[in-house]
Amino acid sequence: MIKFIIVCACVSLLALGASSPAQAASMCGNRADFIKALNDKYQESGKAIGIAGQVNLVEVFASKAGTWTILFTTPQGKTCIIAAGNSWEDLPPTKNLTAL
């Protein structure tokens, strides 16, 4: 859980200024369309969800093949892909967070 909170904090910082408005607009759209496309094209499904900045929804999607995507949705309904990649691995639960 702590790792997820740290990830959400990092994602929030990335969403605030990592790309220009033109780049961000090209990777934004309807949440339902993104989720359908992630499932249809990459077989990605929801793995984690959280709230960033007390109002923004952050979701992590991943596939068994290792692809992953992080979506960020504002209260106004704007959804953006803020990160995506390969080699996703689910970690077993551990109390020793330094073992990562």
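Readers should treat all values here as calculations from the given coordinates under stated rules, not as data from a laboratory. All values derive from a computational prediction rather than experimental measurement. We place every Cβ from the backbone using ideal geometry, glycine too, and count neighbours over all the protein chains shown.
Calculate the FRET efficiency for residue 31 and residue 87 from the Cβ-Cβ distance with a Förster distance of 30 Å, rounded to the nearest 0.05. Before the final figure, lay out each step's value.
Working: r = 25 Å, r/R0 = 0.84.
E(calc), rounded to 0.05, equals 0.75.
Could you please rank 71, 57, placing first whichever residue has the fewest other Cβ atoms within 10 Å of its Cβ? Could you put the intermediate results ahead of the total?
Details: 71 24, 57 15.
In order of increasing Cβ crowding within 10 Å: 57, 71.
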